[in-house]
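These notes are about the structure you will find just below.
Derivation of every value follows stated rules applied to the coordinates shown; laboratory data play no part. Bear in mind the structure is a predicted one, so any value in this text is a computation, not a measurement.
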């Protein structure tokens, strides 16, 4: 028998391309806000939702469109006022992932700098700023006044559509019931769907097997073993 598949081998990074974003009811409003830029009513838009709902993907779509710099909230901890000023001057659009982890004074300073330059901030976090514990009253009032759009976790239809697109992109054919089986048993995220389909592709090739429910079960068992 061939060796068991190591799922972490040679998985290409996600592209985050616009054409790879699958639209559904749970993310349609968020995508509309991204498409609406630069016609936002405030310097900040907050994009919120659980892990795996596609927040990062939408953030990268906006970054590609706006030319935004992408950074993590914790990165602000290491930046001086002068560095933040240079950042706002050179990057009128900024994406901050895990924005709830940003230091308040750094985020407040960056907000003011971006607003002065008619720029925009996209804050990505699990919860909207209204639910953050913010000690600085001025920062709290500014962020809570900004529009916040929520994204829902993938439902069965969206997850199935993502899997089907990943299969089609790789020119793979799955047997009857495979997609439904995966949707019922896998982690519910777009990234997990990408990893599962990549693993199915590799294992089907190495073991010269059809992509059927048995192969799908073997791949999900491997994933559970390395999680």
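Relative contact order of the chain, please, whole-number percent, based on alpha carbon pairs below 8 angstrom and at least 6 residues apart.
Numbers: 327 pairs, mean separation 56.8, N = 227.
The normalised contact order for the chain reaches 25 percent.
Please give the contour-minus-distance gain from residue 156 to residue 32: 0.36 nm per residue of separation, less the Cα-Cα distance, rounded to one decimal in nm.
Here the segment from residue 156 to residue 32 would lengthen by 42.4 nm.
Report the semi-axes of the equivalent ellipsoid for the range 154-226 in whole Å, largest first, where each axis is √(5λ) for an eigenvalue λ of the Cα gyration tensor.
17, 14, 11
Relative contact order for the range 154-226: what percent, with Cα pairs under 8 Å and sequence separation of 6 or more?
36
Which value results for Rg/Rh of the range 25-150 when Rg is the Cα radius of gyration and Rh the Kirkwood radius based on the inverse mean 1/r?
My calculation puts Rg/Rh at 0.93.
Taking each pair of different alpha-carbon atoms in the range 102-182 once, compute 1/r for the pair, average those values, and report the inverse of that mean as the Kirkwood hydrodynamic radius in Å to one decimal.
16.2
Mind checking the angle between helix 156-169 and the chain's longest principal axis? C-alpha axes, 0 to 90 degrees, to the nearest 10.
With both axes taken from Cα atoms, the answer is about 70 degrees.
Compute the Cα gyration tensor for the range 57-113, then decide on rounded, prolate or oblate, letting a ≥ b ≥ c be the square roots of its eigenvalues: rounded whenever a/c is under 1.5, prolate when a/b is larger than b/c in the other cases, and oblate in all that remain. Intermediate results must be reported in sequence, preceding the final value.
Numbers: a/c = 2.31, a/b = 1.35, b/c = 1.71.
The shape class here is oblate.
Take the alpha-carbon centre of the range 46-92, take the same for the range 141-215, and report the distance between them in whole Å.
Between the Cα centres of the range 46-92 and the range 141-215 lies a distance of 26 Å.
Given the rule -39500 (n - 2.57) for each run of at least 4 DSSP H residues, summed and divided by the residues of the chain, what is its mean residue ellipticity at 222 nm, to the nearest 500 deg cm²/dmol?
Rounded to the nearest 500, the figure is -14500 deg cm²/dmol.
Apply the Kirkwood formula to the chain: the hydrodynamic radius equals the inverse of the mean of 1/r over all pairs of different alpha-carbon atoms; give it in Å with one decimal.
Final number for the Kirkwood radius of the chain is 19.2 Å.
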